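All remarks here apply to the structure that follows.
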Amino acid sequence: MALEFHGKPGIVIYLTAGDPDLAITRDIALAAIDNGTDVIELGVPFSDPLADGPVIQRASERAVARGTRLTDVLAIATELRAARPNAGIILFSYLNPVVRMGMEKFCTAAAEAGADGVLLTDMIVEEAGEYLESMRTHQLAPVFLAAPTSPDARLKAIGEASRGFVYAISRLGITGTRQQVASDAPPLVARLRQFTTLPIALGFGISNAEHVKAVGEFADAAVIGSAIVSLIEKTPPEEAAAAVGKFIAGLRA
Amino acid sequence: MSTATVNPPLNPVQGVPGRFGAYGGRYVPETLMAALEELEAAYAEAQADPEFQTTLDGLLHHYCGRPTPLYFAKRLSEQLGGAKIYLKREDLLHTGAHKINNALGQGLLARRMGKQRIIAETGAGQHGVATATVCALLGLECVIYMGEEDMRRQELNVYRMRLLGAEVRGVSGGSATLKDAINEAMRDWVTNVRNTYYVLGSALGSHPYPTMVRDFQRVISREARIQILEQEGKLPAAIVACVGGGSNAIGAFYEFLSDSNVQLIGVEGGGRGTALGEHAARFQKIGGGLPGVLQGTYSYVLQNDAGQVSSTHSVSAGLDYASVGPEHAMLHDSGRATYTSCSDTDALKATVALSRTEGIIPALESAHAISEAMRLAPTMAKTDVLMVNLSGRGDKDIGILARELDLKGAEASPIVSI
């Protein structure tokens, strides 16, 4: 179990857990791993996903409506870890479900589930004292977001607090697919490299092989989220895992 | 009075700005951090600049109509047979509610920062109208996010915003109310952060908003404290204000915080029942909120045991929100302020009572505070003073009132013979 990237770039995918249901999320993750995904971000659905665009908003709404809970997502992580010992697994959540469970209890459970790391969308480095302490205790990697608007001083703090990799946001705005990789992205990655030797994964707006190739020229991994969540939305549930596997296999073609 | 302290599950970092006890802070996507830091610095600079304050005070006086009267509601007081009830008449302000105090302050700040594009959320529409007004006054572009359910029930304010030149964008997600409008405004802000100023309308959100909004609303209690001493020669025994996000309440409470003999009472939207989803009473003991993070701040949040934010209900769009300003969370835990709630039905009754005893039609939000005052006054001595912050006027609610109270309009005009 490790957060390692094998291709150039590595592939990270985001899944909204529980959409269309938990068993299918698990099957999709397995298919993704078997087709060259280095790291799975298991997204905990939240009622108020204010950093997300319409695709992930809809998926979250469906998953919340089905009653998907943080504990269910932890259970999926446990299954994935048992089935694929070498895959990278990140728990990806808005802060509130974690706060409700309790930070220390959450980190304990995440470690027991075999997760490698955690990304909390609305947790900034300045507020992360207790979080970082619990993560350290449980040898989990905290992954922070870095934005094109983050000044150097913030990038330095983000680089220092992160483990595993840093998630660079390619452009301003919410999640969702775009025509091309944003021009904000290469300068951000270059600025980040001044402050960290960790791999840098680039996300937001990356949806096809052409984007992935472009990302490979300056970053270490590409994060694909909305494109996959959208594919799952459009595919009959029983075919979703195969469709996502095929999609990922095509990303490095 | 509640003295029970909830042990907050989120342990705040020491020395991070914008804390109210354990509450407040900054919990936002990283993209917004630079903007929040820029805002914090610009606000500190503006505060230290006497010219900014002079401009704001001048407009509050000549444009908005400050100071607002502190009015002794003699007939209502006599009818209830207890404390002397005074109304702080924020409803008389330009645009019809306290919201203009904050919108004007932030509008001037946005102009000072060189931001040409303004966005805001609105629930009842009063903050949207106030923001659209200030944008017209200052020549700024204005986009308002409003839940579609709120657009339906506060339609008058939608017309007003559009007349003022604002673009009103309906939000259909979630329960299509204030919380969803804030989500959408934040999505806009995170996308257009470089040229856009977000005028948040209540004492909510990430630092510096709760502090800044409170500072712009403090003028309510600054005036009221002087006025009541002039008129009664003493401080009120209690101050009552409604609490949605809590900006009118914190504004009405703030200058009295150190007067420990002045009781501070916030009134939440009790809706139509005590079960989760039926009300907006975050501080309700059972079926109420728990500490959590929503829309950038740590405060009480109505949520289920998995941390999903609950839907809410209140007849009053301005109180219909799942969380509450973090300073109120602190005042609640410390016991300095107490929080109660008022049902939809009682708010409607209070609206009728104030209309017919004093000739003042309160906003449904403010009617929640009137209702609590009507309950309290008879239990107090006749020499006691009870102050209510009448945060807004009720014109915007006329559609709801006509329906709920079965008021007849043109269809039932009696034929008057001369």
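Just so you know, all these numbers are worked out from the coordinates, no wet-lab data involved. Not measured: the values here are computed from a predicted model. Cβ sites come from the backbone with ideal geometry, for glycine too, and all protein chains shown count toward neighbours.
For the protein assembly as shown, go through all pairs of different Cα atoms, get the mean of 1/r, take its inverse, and jot down that Kirkwood value in Å. Working shown, then result.
Values: mean 1/r = 0.0387 Å⁻¹.
So the Kirkwood estimate lands at 25.8 Å.
Based on DSSP H runs of at least 4 residues, each adding -39500 (n - 2.57), what is the mean residue ellipticity at 222 nm of chain B after dividing by all its residues, to the nearest 500 deg cm²/dmol?
Values: 15 runs with 166 residues, N = 418.
Using -39500 (n - 2.57) per qualifying helix, the result is -12000 deg cm²/dmol.
List, in the order given, every pair from A:LYS156/B:LYS115; A:LYS156/A:LYS246; A:LYS105/B:LYS179 whose Cα-Cα distance in the structure shown is over 32 Å.
Values: A:LYS156/B:LYS115 28 Å; A:LYS156/A:LYS246 38 Å; A:LYS105/B:LYS179 28 Å.
Long pairs (Cα-Cα over 32 Å): A:LYS156/A:LYS246.
Would you mind checking which residues have amide H under 5 Å from B:VAL168's amide H? H placed 1.01 Å from N; only 5 or more apart, or other chain.
B:ILE144
Only helical DSSP H runs with n ≥ 4 go in: add -39500 (n - 2.57) per run for chain A, normalise by residue count and round the 222 nm mean residue ellipticity to 500 deg cm²/dmol.
Details: 11 runs with 114 residues, N = 253.
Only helices count here, giving -13500 deg cm²/dmol.
Per residue of A:144-155, count partner chain C-beta atoms within 10 Å of its C-beta, then hand back the mean as an integer. Present the calculation step by step, with values, prior to reporting the outcome.
Values: counts 1, 4, 2, 8, 5, 11, 4, 4, 0, 1, 4, 1.
Averaged over the peptide's residues, the number is 4.
What translational diffusion coefficient, in µm²/s and rounded to a whole number, does the Stokes-Einstein relation yield for the range B:251-327 at 20 °C and a viscosity of 1.002 mPa s, taking the hydrodynamic radius as the Kirkwood radius over Cα pairs? Don't jump to the answer; show the numbers that get you there.
Details: Rh = 13.2 Å.
The calculation lands on 163 µm²/s.
When the Cα atoms of the range B:89-190 are enclosed in a convex hull and the volume is divided per residue, what value in Å³ results? The partial results should precede the final answer.
On the way: hull volume 8.8 nm³, N = 102.
So the per-residue Cα hull volume is 86 Å³.
Does the range B:175-278 come out rounded, prolate or oblate by the C-alpha gyration tensor, with a ≥ b ≥ c the root eigenvalues, rounded set by a/c under 1.5 and, if not, prolate when a/b is larger than b/c and oblate if not?
Details: a/c = 3.55, a/b = 1.56, b/c = 2.27.
Cα axes put the range B:175-278 in the oblate bin.
In peptide A:91-102, how many Cβ atoms from other protein chains are near each Cβ within 10 Å, on average? Mind dumping the intermediate values first?
Numbers: counts 0, 0, 1, 6, 7, 13, 7, 5, 12, 13, 4, 2.
Per-residue shielding by partner chains comes out at 6.
Which entries in B:LYS88/B:LYS408; B:LYS88/B:LYS382; B:LYS285/B:LYS382; B:LYS349/B:LYS396; B:LYS285/B:LYS396; B:LYS74/B:LYS99 show an alpha-carbon gap greater than 22 Å?
Numbers: B:LYS88/B:LYS408 31 Å; B:LYS88/B:LYS382 19 Å; B:LYS285/B:LYS382 31 Å; B:LYS349/B:LYS396 17 Å; B:LYS285/B:LYS396 32 Å; B:LYS74/B:LYS99 27 Å.
With Cα atoms farther than 22 Å apart: B:LYS88/B:LYS408; B:LYS285/B:LYS382; B:LYS285/B:LYS396; B:LYS74/B:LYS99.
Ordered by packing density, taken as the mean number of other Cβ atoms within 10 Å over each peptide's residues, highest first, how do B:132-143, B:83-94, B:158-169 rank? Please report the intermediate quantities before stating the final value.
Values: B:132-143: 20.4, B:83-94: 23.8, B:158-169: 17.8.
Ranking the peptides B:132-143, B:83-94, B:158-169 by packing returns B:83-94, B:132-143, B:158-169.
For q = 0.08, 0.17 Å⁻¹, what log10 I(q)/I(0) does the range A:10-252 give under the Debye formula with an equal point scatterer on each alpha carbon and no solvent?
Log-scaled intensity ratios, in q order: -0.26, -1.32.
Which residue, B:GLY201, B:GLY174, B:GLY277, has the most motion in a Gaussian network model of chain B that connects Cα atoms within less than 10 Å?
Maximum fluctuation in the GNM of chain B, among the listed residues, is at B:GLY174.
With θ set to phi - 60°, apply the Karplus curve 6.51 cos²θ - 1.76 cosθ + 1.60 along the range B:232-248 and write out the HN-Hα couplings as whole Hz, x wherever there is a Gly or Pro.
Working through the residues one at a time gives 10, x, 7, 7, x, 6, 8, 10, 10, 8, 6, 10, x, x, x, 6, 6 Hz.
Can you give the translational diffusion coefficient of chain B in µm²/s, computed by Stokes-Einstein from the Kirkwood radius over Cα pairs at 25 °C and 0.890 mPa s?
Working: Rh = 21.3 Å.
In µm²/s, the coefficient is 115.
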